[in-house]
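The values are calculated or read from the model by the stated rules, or taken from the named source; none is laboratory data. The model shown is predicted, which means the values in this text are computed figures rather than measured ones. Glycine gets a Cβ as well: all are built from the backbone with ideal geometry, and neighbour counts include every protein chain shown. SASA here: full protein model, heavy atoms, side chains in, ligands and nucleic acids out. Shrake-Rupley method; radii C 1.70, N 1.55, O 1.52, S 1.80 Å.
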Amino acid sequence: DAGVTQSPTHLIKTRGQQVTLRCSPKSGHDTVSWYQQALGQGPQFIFQYYEEEERQRGNFPDRFSGHQFPNYSSELNVNALLLGDSALYLCASSLGQGASGNEKLFFGSGTQLSVL
Amino acid sequence: QQQVKQSPQSLIVQKGGISIINCAYENTAFDYFPWYQQFPGKGPALLIAIRPDVSEKKEGRFTISFNKSAKQFSLHIMDSQPGDSATYFCAASDDRGSTLGRLYFGRGTQLTVWP
């Protein structure tokens, strides 16, 4: 049973460019959350998708956008890249909504984005 | 503002010793407190978690102690092993109701266990 898979694993972009990161949730999971982890820091919540809609959003600018597809996979898009966007981007999946969902939260290995 | 404060930033323990990592929070709406373990190049993996209706939870060598009145919780790793060397994150969430809560993470503790 494949866990959460993310692609690509590494990515190098220059300032001002746009990037798309992809995530396939664990089999049977229907909720996808994205987190940004800067070097030496804990993950920061970006947003969460359920039923193809953005359900919650953290304190990130509109340059960060996402999408969830009918097969529950998800994309994270970042426009007008800044040097400060360099980080590990983590996707996490879980099943449904409600009190027990976080107990089944699984993270992928992330996409390491470097902005030059 | 950091919703969850974690200490220490780094910890060095001898093999067989006890590793203790502490976290504190302010938001009394939090009702789920997990600990995650992260190895280099990997995503965080759930280690153990607790809800505020109990004061302690033990799974193998890992124990969470929870003090609701002080709004603090800690992770104890008994008989620490070199394979436990990793970064540990505490987190908190309010996931009551119909919406899956976001996780607020601490800054992490880099644990090194010397053989």
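Before moving on, here are some points about what is shown:
- Check on B:PHE33, of a type outside the set (Val, Ile, Thr), crowded, with 20+ Cβ neighbours inside 10 Å and at pLDDT 95 or above: no
- The residue pairs whose first member lies in the range A:35-60 and is under 25 Å from A:GLY96 (Cβ atoms), whose second member is open to solvent by 80 Å² or more (accessible area, probe 1.4 Å) and among the polar types (S, T, N, Q), and whose beta carbons are closer than 6 Å, counting only pairs six or more residues apart or on different chains, are A:GLN36/A:GLN44.
- Elements of type strands (runs of 3 or more DSSP E) contained in the range A:18-116, each with 2 or more residues being of a type in the set (Lys, Arg): A:53-57
- Residues satisfying the stated conditions in the range B:44-59, i.e. of a type outside the set (A, V, I, L, M), in a loop (DSSP other than H, G, I, E, B) and open to solvent by 40 Å² or more (accessible area, probe 1.4 Å): B:ARG51, B:ASP53, B:SER55
- Whichever residue in the range B:27-63 is under 14 Å from the mean Cα position of the chain (by Cα) and aromatic (Phe, Trp, Tyr) and, among such residues, is farthest from the other protein chains (Cβ to nearest Cβ): B:PHE62
- The condition (being open to solvent by 10 Å² or more (accessible area, probe 1.4 Å) and farther than 18 Å from A:PRO25 by Cα) is satisfied by just one residue among A:ARG63, A:ARG55: A:ARG63.
- Exactly one residue out of A:SER74, A:SER33, A:SER94 is facing chain B (nearest Cβ under 8 Å) and either within 16 Å of A:ALA2 (Cβ to Cβ) or surrounded by fewer than 16 Cβ atoms within 10 Å (Cβ to Cβ) (or both), and it is A:SER94.
- Pair list, Cβ under 6 Å, 6 or more apart: the range B:2-31 residue assigned to a loop (DSSP other than H, G, I, E, B), other residue of a type in the set (A, V, I, L, M, F, W, C) and open to solvent by 60 Å² or more (accessible area, probe 1.4 Å): B:ILE18/B:MET78
- Of all residues making up the range A:42-52, the number that are open to solvent by 40 Å² or more (accessible area, probe 1.4 Å) and either at pLDDT 95 or above or more than 14 Å from chain B (Cβ to nearest Cβ) (or both): 2
- Residue within the range B:83-93 that is more than 30 Å from A:THR111 (Cβ to Cβ), surrounded by 13 or more Cβ atoms within 10 Å (Cβ to Cβ) and in contact with a Phe, Trp or Tyr (Cβ under 7 Å, 6 or more places away or on another chain) present: no
- When every residue of the range A:84-91 is checked against the conditions, none turns out to be closer than 26 Å to B:ILE48 by Cα, facing another protein chain (nearest Cβ under 9 Å) and at pLDDT below 95.
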